[in-house]
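Have a look at the structure below before the remarks.
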Amino acid sequence: MDRHAPRPETRLEPLPPLLPAPPGAPDPAEVDPRVLGALLHRHGWLRRGGAAGRYGRWTPPGHAGTSLLVPETRTFPDCADLLEEALTALSRSGLPSAREVLFGLSLPSDEVRWEREIPEAPYGFQGEAAWSAQERLRSAARRLLLAGALAERARAGYYGARHRAQAERALDGVLVGPGPDGRRLAAYVPVDGGRGLVTRLHHALHAAREAVDYQRATGGMEAFDSAVAAGVSRELADALIALVQGSEGARVALAWAPAAGVPAGCAARPEPVEFSPGDLPVLREASARYTRAEPAVAVRLTGAVVRMRRAAAGGGGTVRLRVLAGADVPYVRAALDEEAYRIAVHAHLAGLPVRVSGRLSRRGGFRRLTDAADVTPVPLDEGERDRLIKSLDASFDPEDVLPSDD
């Protein structure tokens, strides 16, 4: 082993982009007064009076700033003028709540909010600097959203690498608000393309809470088995562990976009779901249980050989395949006998993919193909072969290489 070989860099999880400034006041003609009122109430504004059934006077949190007159319906005679004045006042306000209301009007989004109870000391938060607290909260929040996106695509106790690329792409449109103290964070998931993620997360969180309560009351873990149907998984359990660890407790709250209504099968105002440090042993046991219980998956996949290795000139070896079809993981590694390895090498030299049967093993996150057999090249015409070679050259990412490959 080369002592001076460069060590692989640690790969940091990408964070969702911060909530941008809203693009000015929305068009009053496109704003539903009821939606505006619901958003004001959600973000801490208080209704202080007004003619019932006609309009309301709303004051910002802490009574700072100018109050707003907001009509309740479009049948009110001065509806357009009042809406324009209210939206203009919100766009000129420096209050964070005003910015969040405008964003909710501009892009209908479901909201997910996290809160961690960090113990305080006389000179600030105990045990963690603000920076590390923010990073921990943001990382745990992203992992929870990713678990919801995975559950939206399939139900499994342990996903590993399966469906991960599609789930991560589902988070591309998610925006987060600033969380300067490391205790609170909000994410805005666009209804268009993201509602399924939040709905599944809603069911999974409540199912996880019920399973934890059942185990703590009875000592049995069987509730976690049935909770898989609601979206609970090892990934969700690990995300909750990361959220709660180092705190005195954490909660997750969801709120639906008023403009889109309430999804079927969900409460109109979901209760926040809370977890405490006392739940950590149960969540760790559930995580290990899901890993042990998830079965291997029989597959027949097509992939391009991107790496080969064997210990000697003769005998079998190991190949790494970029999966093109047949399995929901980006890469797999397979140990082949001498004849199968020779076929894979020839296919690689000819620029052809191979088709192979086997079982995706949970060990290593479903990235390993065991009992590999029936290795055959897949014929392509010249144009398809050139396109395949170019796509492999363009899309190969060294970060996709497993550490155990090096």
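For ARG155, state whether it is touching a Ser or Thr at 6+ places or on another chain (Cβ under 6 Å), basic (Lys, Arg) and modelled with pLDDT of 85 or more. So ARG155 fails the test.
Mind checking which residues of the range 274-288 are in a helix (DSSP H, G or I) and surrounded by fewer than 18 Cβ atoms within 10 Å (Cβ to Cβ)? PRO277, GLY278, LEU280, PRO281, ARG284, GLU285, ALA288, listed by residue number. Against the test of being at pLDDT below 95, among the aliphatic types (A, V, I, L, M) and either assigned by TED's automatic domain parsing to the domain that holds TRP114 or in a loop (DSSP other than H, G, I, E, B) (or both), the options ALA260, ALA239 yield a single qualifying residue, ALA260.
When ALA141, ALA170, ALA149 are checked against the criterion of being of a type outside the set (D, E, K, R) and in contact (Cβ under 8 Å) with a residue 60 or more places away in the chain, a single residue qualifies: ALA141.
The condition (being at pLDDT 95 or above and outside the structural domain of LEU352 (by TED's automatic domain parsing)) is satisfied by just one residue among ALA267, ALA286: ALA286. Contact annotation: residue pairs with Cβ atoms under 6 Å, 6 or more positions apart or on different chains, pairing a residue in the range 189-207 that is closer than 16 Å to GLY265 by Cα with a partner that is of a type in the set (Val, Ile, Thr) and surrounded by 21 or more Cβ atoms within 10 Å (Cβ to Cβ), are VAL198/VAL189; ALA204/VAL232; LEU205/VAL252; ALA207/VAL232.
Screening the range 83-111 for residues that are among the hydroxyl-bearing types (Ser, Thr, Tyr) and in contact (Cβ under 8 Å) with a residue 60 or more places away in the chain and picking the one that is surrounded by the most Cβ atoms within 10 Å (Cβ to Cβ) gives SER109.
When residues in the range 63-114 are screened for being part of a loop (DSSP other than H, G, I, E, B), over 14 Å from ALA38 (Cβ atoms) and touching a Lys or Arg at 6+ places or on another chain (Cβ under 7 Å), 2 of them pass.
Checking TYR159 against (1) without any contact (Cβ under 8 Å) to a residue 24 or more places away in the chain; (2) under 14 Å from the mean Cα position of the chain (by Cα); (3) not in a helix (DSSP H, G or I), which test does it fail? Looking at each condition in turn, TYR159 falls short on (1).
Of all the residues in the range 242-257, those that are in a strand (DSSP E or B) and either touching a His at 6+ places or on another chain (Cβ under 7 Å) or farther than 15 Å from ARG184 by Cβ (or both) number 1.
The sole residue among THR370, THR376 that is under 20 Å from GLY160 (Cβ atoms) and either among the polar types (S, T, N, Q) or at pLDDT below 70 (or both) is THR370.
The values are calculated or read from the model by the stated rules, or taken from the named source; none is laboratory data. All figures in this text were calculated on a predicted structure; none of them were measured in a lab. Neighbour counts are summed over all protein chains in view; Cβ atoms, including those assigned to glycine, are modelled from backbone coordinates with ideal geometry.
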